[in-house]
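Let me begin by presenting the structure, written as structure tokens, before commenting on it.
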Amino acid sequence: MSDDFGEVIHSSIWEEQAEPDHPFTAAACYCRGYDVYGDVLGKAGYLEYLYLLLKGERPSPASLAAFELLAIALANPGPRDPAVHAAMAAGTTGSPAAAVLMAALAVGAGSYGGAREVLLFMEAWHQRGPDLALWCERLRAPPAPTRAQIWPEAEHAPGFDAYARLCAAPVRQTLEQLLPIFPAGCLAWLARERAALEAAAARPLALTGVAAATLIDLGFTADEGEMLTLLLRLPGAAAHALEQKQQGFRQFPFFALDLQDDPGPVACEDKR
């Protein structure tokens with residue numbers, strides 16, 4: 001069998017050289033020109049390699065530091081997060097690992113604290129830039145969609161918390177840690193104008209907004225930012241699902257509802 005497999009693969013990301021006795025096994029793999037197993041393995045960190053894979057170049061020390069901070073901030077949203085909760089529900093029933101992660105991805109993909117919300121914020125920045133007046137105008141009165149969409153319309157401003165009244169401490173702490181790395185750009189603008197933006201959105205800043213701003217300053221596109229958000233949030237979902245599988249359904253956390261206008265017990269009428 002001739003080794004013409006590489007000739008039909010058109011990729012600027014990856015190149016392979018086949019083993020002489022097996023054309024479907026690689027003898028050498030090159031990512032963006034770097035020998036993965038000869039040069040990268042053992043000399044670069046996982047996030048440095050991930051950045052190289054997506055952006056085609058090694059990150060600067062500042063970019064790598066910001067990327068690592070963001071990865072930690074997103075790694076485990078916690079059991080309150082709908083995506084993690086979905087993974088825990090799948091885990092407690094004994095679902096296969098792939099089903100657990102797919103549950104987390106499905107729930108964490110949307111515009112309610114999910115990866116789609118990050119993409120929408122990043123797209124908004126590319127359209128509006130640091131124009132605060134335009135941001136406030138669009139946050140107060142979002143434009144109607146001009147074409148049919150796969151995704152339902154977001155019910156709140158992307159990058160802001162759907163229900164909270166105040167900006168959560170982890171959001172502020174993440175922003176504070178990232179600011180010294182990127183003193184100019186989207187993150188700095190977001191921190192400077194946060195009060196005005198929150199007033200226009202009538203909602204506090206969420207971690208999705210900080211993540212989107214960080215990914216913008218790192219040079220990622222909106223599509224890349226959405227994909228990275230999905231990837232970086234999976235470790236927590238996996239860990240909690242594995243724990244919940246061991247604990248069983250009897251210890252599954254069900255959240256109590258606090259009704260603000262509870263009518264109390266109502267006697268059922270006899271309809272006979």
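The values are calculated or read from the model by the stated rules, or taken from the named source; none is laboratory data. Keep in mind the model is a prediction, meaning the values are calculated, not measured. Heads up, the Cβs are rebuilt from the backbone with ideal geometry, glycines too, and the neighbour counts pull from every protein chain shown.
Can you list residue pairs whose Cβ atoms sit under 6 Å apart, with the first residue in region 9-21 being over 17 Å from Lys55 (Cβ atoms) and the second being surrounded by 10 or more Cβ atoms within 10 Å (Cβ to Cβ) and aliphatic (A, V, I, L, M)? Count only pairs 6 or more apart in sequence or on different chains.
Note: pairs meeting the criteria are Glu16/Ala26; Gln17/Ala27; Gln17/Ala28; Glu19/Ala27.
Which condition number in (1) crowded, with 19+ Cβ neighbours inside 10 Å; (2) assigned to a helix (DSSP H, G or I); (3) free of Cβ contacts under 8 Å to residues at least 60 places away in the same chain is the one that Ser63 fails?
(3)
Restricting region 28-77 to residues that are of a type in the set (Gly, Ala, Ser) and touching a Ser or Thr at 6+ places or on another chain (Cβ under 8 Å), which is farthest from Glu243 (Cα to Cα)?
Ranking the candidates gives Gly56 first.
Under 7 Å between Cβ atoms, which residue pairs at least 6 apart in sequence (or on different chains) link something in region 84-111 that is under 25 Å from Asp161 (Cβ atoms) and in the same structural domain as Met122 (by TED's automatic domain parsing) with a partner that is in a loop (DSSP other than H, G, I, E, B) and small (Gly, Ala, Ser)?
What qualifies is Val84/Gly78; Gly108/Gly114; Ser111/Ala154.
Taking only pairs six or more apart or across chains, which ones have beta-carbon atoms under 8 Å, a first residue in region 155-182 that is in contact (Cβ under 8 Å) with a residue 60 or more places away in the chain, and a second residue that is crowded, with 20+ Cβ neighbours inside 10 Å and among the β-branched types (Val, Ile, Thr)?
Qualifying pairs under 8 Å: Thr174/Val210; Leu178/Val210; Leu178/Thr214; Phe182/Thr214.
If I ask for residues that are at pLDDT 95 or above, more than 25 Å from Pro170 (Cα to Cα) and in contact with a helix residue (DSSP H, G or I) (Cβ under 6 Å, 6 or more places away or on another chain), which ones from region 72-102 would you list?
Ala99, Val100
Can you name the residue in region 19-60 that is in a loop (DSSP other than H, G, I, E, B) and buried (at least 17 other Cβ atoms within 10 Å of the Cβ) and, of all such residues, is nearest to the chain's Cα centre (by Cα)?
Keep residues of region 19-60 that are in a loop (DSSP other than H, G, I, E, B), which gives 20-21, 32-33, 41-45, 56-60.
Filter once more, so that each one left must be buried (at least 17 other Cβ atoms within 10 Å of the Cβ): 32, 44, 59.
Working: Arg32: 24, Ala44: 23, Pro59: 20 Å.
Only one residue fits best here, namely Pro59.
Looking only at residues that are acidic (Asp, Glu) and either part of a helix (DSSP H, G or I) or in contact with a Phe, Trp or Tyr (Cβ under 6 Å, 6 or more places away or on another chain) (or both) in region 127-183, which one is modelled with the highest pLDDT? Walk me through it before giving the result.
Kept after step one, since they are acidic (Asp, Glu), are these residues of region 127-183: 131, 137, 153, 155, 161, 176.
Among the residues that remain, those that are also either part of a helix (DSSP H, G or I) or in contact with a Phe, Trp or Tyr (Cβ under 6 Å, 6 or more places away or on another chain) (or both) are: 137, 176.
On the way: Glu137: 94, Glu176: 97.
Top of the filtered list is Glu176.
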